[in-house]
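The values are calculated or read from the model by the stated rules, or taken from the named source; none is laboratory data. Every value quoted in this text rests on a predicted model; they were computed, and no experiment measured them. Here the Cβ is made from the backbone with ideal geometry for all residues, glycine too, and neighbour counts use every protein chain on show.
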Ligand SMILES: *Cc1c(COP(=O)(O)O)cnc(C)c1O
């Protein structure tokens, strides 16, 4: 549990990209709760990512659209040459619908159904295999293998960075073992595949500039070995996702320029001397591309004084489940009280019949009054996307705060009609007499 930000006097600030005055205008048209995304932030960051890897001729970021599957936001990223990393049928359909297809799609799925491989091939996406048995599986479905194929590597064991961040590939369901990988490339080559990729995702939400360079070293050394042992020369190496964001105001964020330079140094050191200086670097960042640029805006509707002090808001865990699911910390700003002292300790709750439906526990905040608007920060990735409909709760709208200050509705809020839409066999509205 990360939820341990108690205590007075500690300077913990995150400045929202929206003011109380702006929200008071927006709610006249769009009632809370809603998601609000920051166009300027998204664009500046996308530019910075492209610049950080501009040294690599073939560089491409494939936005992991599971993090925020909204066509308007995906289109903004695409203006910077960013493609889509997909892992399901509907994600492939969404990419294709916004005009992103062919080699602009990376299909990094696992446990993949046959029809999803077939559809990916139909729209020309790159298949990134999660398992050696899928070589035969894909060949059967498609009749023959595509010219370009990638394999996902799982080294097993523990992946550790010097600042203590670690993850556990040995426990993860993804990827090929080393032996399978070498064997896999031999088979793919024998079956006529021409362009090969290598992919690995070894640690999640790493808030350190070291992750990509260290992962790159491991994959680059492996690429040299693959060339020596199988004769396969990789066309691209995909560093996948895992670049984190500082959810807590005490953390300092990643510097993508430093990360890009770190990867460049390892590239010069390992790949170039091996005659592999034309390998393209791909990434599949989700959280880093969108996380800080989306907030959940909600209104305080109740206060409750029992054994603890509670503030009830009009959003709940179906709108943002990370706190309930992982105990994840999301910073909260009470709009209009940005500079007030945080001298009240609250649990900030939603209305689900689940006691874990809390956006914050024992959080020091300014005094909150009914009607106050709360901004829940860093919800732009794995926020709305993880929404569900428990307790018959409906998903909120998504709004885009444009660079010119105007607001665009980029997904309307669900209505009861949406919730009941799958009862083809029982018309709720008919029973209600309307
Ligand atoms: C989730 C995921 C990503 C994105 O991860 P982030 O931590 O959001 O950057 C990229 N690739 C794959 C295969 C994933 O499953």
| Out of the stretch 170-205, which residues are surrounded by fewer than 19 Cβ atoms within 10 Å (Cβ to Cβ) and in a helix (DSSP H, G or I)? | 170, 171, 178, 179, 180, 182, 183, 186, 187, 189, 190
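Under 21 Å from the mean Cα position of the chain (by Cα), away from the ligand (no atom under 13 Å from the Cβ), touching a residue at least 40 places away in the same chain (Cβ under 8 Å) and farther than 24 Å from residue 378 by Cβ: is that true of residue 198 in this structure?
Working: under 21 Å from the mean Cα position of the chain (by Cα): yes; away from the ligand (no atom under 13 Å from the Cβ): yes; touching a residue at least 40 places away in the same chain (Cβ under 8 Å): yes; farther than 24 Å from residue 378 by Cβ: yes.
So residue 198 passes the test.
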| Which members of the stretch 159-169 meet the condition of being without any contact (Cβ under 8 Å) to a residue 24 or more places away in the chain, assigned to a loop (DSSP other than H, G, I, E, B) and surrounded by 13 or more Cβ atoms within 10 Å (Cβ to Cβ)? | 168
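Would you mind stating whether residue 263 is under 30 Å from residue 40 (Cβ atoms) and in a helix (DSSP H, G or I)? Explain how you work it out, then say what you get.
Working: under 30 Å from residue 40 (Cβ atoms): yes; in a helix (DSSP H, G or I): yes.
Answer is yes for this residue.
Being outside the structural domain of residue 265 (by TED's automatic domain parsing), touching a strand residue (DSSP E or B) at 6+ places or on another chain (Cβ under 7 Å) and either closer than 30 Å to residue 422 by Cβ or surrounded by 23 or more Cβ atoms within 10 Å (Cβ to Cβ) (or both), is that true of even one residue in the stretch 301-311? First the steps, then the outcome.
Filtering the stretch 301-311 for residues outside the structural domain of residue 265 (by TED's automatic domain parsing) gives 301-311.
From what is left, the residues that are touching a strand residue (DSSP E or B) at 6+ places or on another chain (Cβ under 7 Å) are 301-304, 308-311.
Still in the list and also either closer than 30 Å to residue 422 by Cβ or surrounded by 23 or more Cβ atoms within 10 Å (Cβ to Cβ) (or both): 301, 311.
Within the stretch 301-311, one or more residues are outside the structural domain of residue 265 (by TED's automatic domain parsing), touching a strand residue (DSSP E or B) at 6+ places or on another chain (Cβ under 7 Å) and either closer than 30 Å to residue 422 by Cβ or surrounded by 23 or more Cβ atoms within 10 Å (Cβ to Cβ) (or both).
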| remark: The correct count of residues that are surrounded by 12 or more Cβ atoms within 10 Å (Cβ to Cβ), touching a residue at least 40 places away in the same chain (Cβ under 8 Å) and touching a strand residue (DSSP E or B) at 6+ places or on another chain (Cβ under 8 Å) in the stretch 371-426 is 25
